[in-house]
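See below for the structure under consideration.
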Amino acid sequence: AQTVTQSQPEMSVQEAETVTLSCTYDTSESDYYLFWYKQPPSRQMILVIRQEAYKQQNATENRFSVNFQKAAKSFSLKISDSQLGDAAMYFCAYNRGNEKLTFGTGTRLTIIP
Amino acid sequence: KAGVTQTPRYLIKTRGQQVTLSCSPISGHRSVSWYQQTPGQGLQFLFEYFSETQRNKGNFPGRFSGRQFSNSRSEMNVSTLELGDSALYLCASSLESVSTGELFFGEGSRLTVL
C-alpha cells in the first residue's frame, strides 16, 4: 500500500522568508501524481501544486515550488516570500491514476510577523 | 461558479443514531469523493462516486455508505454511530478523474457523537 509521510508536524517561518516542507512517499509504481494541498483555518482545502511523476521538471506556481526527487521518493514544497495568508495545514498527497488520494498527516505552518 | 456545498455544517448525534450528510459538487463535476478527517488518523478516504457508480472504496466498516444521484449530488450515511465517528467529513468534487488532482473541497460537515 502506498504511504505518504510528513515528518514535520509543525513549522514556523518569518514573514518574507522561505520555508521548505518535507514529504516522502512509498510506492512501487513508476507513474503517479503528487500534490500539495493547503487547509487554512477556515478548513476548505485547496490545491497548491501538482507534479506528474513522469515529468522531470519541478512544478512551480508563483511563490510555491517543489523539489521532486523520484529516486529518493521525496517531494518537498518550498514557499518563498512567506505571507501571513500562507498560514495553514499543508498536506502532501499521492495518487496513481484513477484511484483515491492518499494524504500525509500534515504540517502546520505558522507565519511569524 | 458555486463551490462544493456540504450540509449540514455542524451536527451533534448520540451513539446508536444514524446520520446523513449531503454534498453538492461544482456544476459539471461528475466525481465526488468523501474523506474523514480526525486529529489522530488524519485524512482517510471513504469512497468515490462517478456517474452514480461507486468507483473506489476505503477501509471503513459497512456502517459507512454513500450514493450519488443523477445530478451528481452525493450523500453519505453512517448508521449506528460510535464515539469514534466524531470527525470532520469532507467532500470533494472533480471534473473527471481523481488522478487530475484538481479536487475541489467543501468546508466539511463537523459531526460530534456523544
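Inspect all residues belonging to the stretch A:56-63 and state whether any of them is in contact with an Asp or Glu (Cβ under 7 Å, 6 or more places away or on another chain) and either more than 12 Å from chain B (Cβ to nearest Cβ) or without any contact (Cβ under 8 Å) to a residue 40 or more places away in the chain (or both).
Checking the stretch A:56-63: at least one residue is in contact with an Asp or Glu (Cβ under 7 Å, 6 or more places away or on another chain) and either more than 12 Å from chain B (Cβ to nearest Cβ) or without any contact (Cβ under 8 Å) to a residue 40 or more places away in the chain (or both).
Taken together, the criteria exclude A:Y94 from residues that are within 9 Å of chain B (Cβ to nearest Cβ), hydroxyl-bearing (S, T, Y), part of a strand (DSSP E or B) and under 14 Å from the mean Cα position of the chain (by Cα). Based on what the data block shows, is B:E107 among the acidic types (D, E), facing chain A (nearest Cβ under 9 Å) and free of Cβ contacts under 8 Å to residues at least 40 places away in the same chain? No, not satisfied.
Would you say A:S7 is farther than 30 Å from B:R9 by Cα, part of a loop (DSSP other than H, G, I, E, B) and more than 10 Å from chain B (Cβ to nearest Cβ)? Yes: the conditions hold for A:S7.
Say we look at the stretch B:38-71 and pick out the residues that are away from every other protein chain (no Cβ under 12 Å) and either in contact with a helix residue (DSSP H, G or I) (Cβ under 9 Å, 6 or more places away or on another chain) or of a type in the set (D, E) (or both); which of these is least open to solvent (accessible area, probe 1.4 Å)? That would be B:F64.
The values are calculated or read from the model by the stated rules, or taken from the named source; none is laboratory data. Please read all numbers here as calculations on a predicted model, not as lab measurements. Cβ coordinates were reconstructed from backbone atoms using ideal geometry, including for glycine residues, and neighbour counts include every protein chain displayed. Accessible surface areas use protein heavy atoms only, side chains included; no ligands, DNA or RNA. Shrake-Rupley method; radii C 1.70, N 1.55, O 1.52, S 1.80 Å.
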